[in-house]
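Engineer: The structure under discussion is supplied below as structure tokens; questions concerning it will follow.
Please treat every number below as a calculation from the coordinates, not as lab data. Quantities reported herein were computed from a predicted structural model and do not represent experimental measurements. Heads up, the Cβs are rebuilt from the backbone with ideal geometry, glycines too, and the neighbour counts pull from every protein chain shown.
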Amino acid sequence: MGKEIVKIFDTTLRDGEQVPGCKLNTSQKLVIAKRLDELGVDIIEAGFPVSSPGDFNSVVEISKLVKNATVCGLTRAVKNDIKVAADALKNAKFPRIHTGIGTSDSHIKHKFKSSKEKIIEIGYEAVKYAKTFVNDVEFYAEDAGRTDNEFLARVCEKMIKAGATVLNIPDTTGYCLPSEYGEKIKFLCENVKNIDKAIISCHCHNDLGLATANSIAGIINGARQIECTINGIGERAGNTSLEEVVMIMRQHPNLNLDTNINSKLLFDTSKLVSENMGMPVQPNKAIVGANAFAHSSGIHQDGVIKNRETYEIINPCDVGVNESAIVLTARSGRAALAYRAKKIGFELTKNELDLVYLEFLKFADAKKEIKDEDILLIIKKSI
Ligand code: KIV
Ligand code: ZN
């Protein structure tokens, strides 16, 4: 049996762009949207059209540009938001309106000063109204992570009745444990009568570092869409990282799940987003960090030089990185030194290597990292 496809809903240009200091202008957004389309994301959340004229304009231009992906605009469960979003999406080949409301006790009591029944009614009317403009309507139950499952199931059933095609279950505050979030999705699959008429979507935040784990727990339990961003950028500690969930599915064939993403573009896309947003990627970031395929300890280097798979579970070429890096530090051994010397044209005999290695250790203790030009100098000094 073929693998089931999990849709990738990219929100780099909406949730990602909410990060202070990461604001993009329309032309930068267009460059990123074009790349996301080439990368193979299924849905691009292009912005929150009612929030500002600039955001409205970006959604208009992205709608004109994108060829393959669905283009989505965020709204509150407010008629004017929905009308403005529909207007901004007019030129999209595949438009989607993403509307919703908070469903947790905390949101209902403090944010809306309302009741559960009223919240369901507002959500229902919003979905119905959005359906008058587009067929594809996604409903988000904000703070679903802290919403009681029985109530969440009632909300979902009602929104599907109103015509929602996708139900977004956000862990808005990044609170859930993977087991809890997975249980929540399972509960919805088993208790929402009309669930076969909609797709469940995971939208997880990273406040406890669990966004990726929670999204994976979600798809294992029946969700078929993940909302994520390039480099995991997003509010506070960020959103689920696109590159991580995509590669988890690729590296674990037993999940029997895959995406439409061309993973060879991941590294380059990460760089593009990081440069445009002025947001550096941490070196130890999974998949796309500068050290994700770099080996510096002697034991690991020896293994990788003999066979890459001893210490790497992903072939760097699969994510667009040319090769694994053997970084020379004071923790490196002879095998790594010989390997790097060979790369710059020196095939050292065993005796030569012993001499060069002694000199290398003196250098390496004084420097963080030994570069090619240092190796040349060390070889000249020692043999
Ligand atoms: O985190 C969240 O709940 C959101 C919604 C607006 C979808 O970003
Ligand atoms: Zn969010």
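Engineer: Grab the beta carbon distance between GLU180 and ALA294, set R0 = 30 Å, and tell me the FRET efficiency rounded to 0.05.
Structural biologist: On the way: r = 35 Å, r/R0 = 1.17.
Calculated transfer efficiency: 0.30.
Engineer: Per-residue ellipticity at 222 nm for the chain, helices alone: DSSP H runs ≥ 4 residues times -39500 (n - 2.57), over residue total, nearest 500 deg cm²/dmol? Provide the component values of the computation, followed by the final result.
Structural biologist: Working: 13 runs with 160 residues, N = 383.
When only DSSP H runs of four or more count, the value is -13000 deg cm²/dmol.
Engineer: Could you run the Debye sum over the Cα atoms of the stretch 28-182, one equal point scatterer each and no solvent, and tell me log10 of I(q)/I(0) at q = 0.16, 0.17, 0.18 Å⁻¹, two decimals?
Structural biologist: Scattering profile of the stretch 28-182, log10 relative to I(0): -0.87, -0.96, -1.04.
Engineer: Show the residues, 5+ positions off or on another chain, whose built amide H is closer than 5 Å to the amide H of GLY234.
Structural biologist: It is ASN239, by chain and number.
Engineer: Shape call for the stretch 135-186 from the C-alpha gyration tensor, a ≥ b ≥ c root eigenvalues: rounded (a/c under 1.5), prolate (a/b greater than b/c) or oblate? Write out the running numbers ahead of the final one.
Structural biologist: Details: a/c = 2.29, a/b = 1.82, b/c = 1.26.
Prolate is the answer for the stretch 135-186, as a/c is 1.5 or above and a/b outweighs b/c.
Engineer: Classify the stretch 151-221: rounded, prolate or oblate, from the alpha-carbon gyration tensor (a ≥ b ≥ c, eigenvalue square roots; a/c under 1.5 rounded; otherwise prolate if a/b is larger than b/c)? Don't skip to the answer; put the middle values down first.
Structural biologist: Working: a/c = 2.27, a/b = 1.94, b/c = 1.17.
Prolate.
Engineer: Pulled fully out, how much extra length does the chain show between VAL31 and LEU255, if you take 0.36 nm times their separation in residues and subtract their Cα-Cα distance? Display every interim value, and only then the final one.
Structural biologist: Values: separation 224, 0.36 × 224 = 80.64 nm, distance 3.32 nm.
Net length gain for the segment: 77.3 nm.
Engineer: Over the stretch 294-382, with a single point scatterer placed on each C-alpha, what log10 of the ratio I(q)/I(0) does the Debye formula yield at q = 0.10, 0.25 1/Å?
Structural biologist: Each listed q maps to, in turn, -0.25, -1.27.
Engineer: Here is a further query. For the chain, with only Lys/Arg (+1) and Asp/Glu (-1) charged at the beta-carbon, what is the dipole magnitude about the Cα centre, in debye rounded to 20?
Structural biologist: On the way: 50 positive and 50 negative charges, 96 e Å.
Dipole size: approximately 460 debye.
Engineer: Tell me the trypsin sites (Lys or Arg not before Pro) within the stretch 303-382 that lie in a loop according to DSSP and have at most 14 other beta-carbon atoms within 10 Å.
Structural biologist: On the way: sites: LYS306, ARG308, ARG331, ARG334, ARG340, LYS342, LYS343, LYS350, LYS362, LYS367, LYS368, LYS371, LYS380, LYS381; in loops: ARG331, LYS367, LYS368, LYS371.
Hits after loop and neighbour filter: ARG331, LYS367, LYS368, LYS371.
Engineer: Among MET247, MET279, what is the fewest-to-most ranking by other Cβ atoms within 10 Å? Provide the component values of the computation, followed by the final result.
Structural biologist: Working: MET247 22, MET279 14.
Fewest-to-most ranking of MET247, MET279: MET279, MET247.
Engineer: The stretch 4-105: Rg/Rh from Cα coordinates, Kirkwood Rh?
Structural biologist: Numbers: Rg = 13.0 Å, Rh = 13.5 Å.
In the stretch 4-105, Rg relative to Rh is 0.96.
Engineer: Please compute the Cα-Cα pair-distance distribution of the stretch 4-277 with 10 Å bins starting at 0, giving whole percents from short to long.
Structural biologist: With a bin width of 10 Å, the distribution comes to 7, 32, 39, 19, 2.
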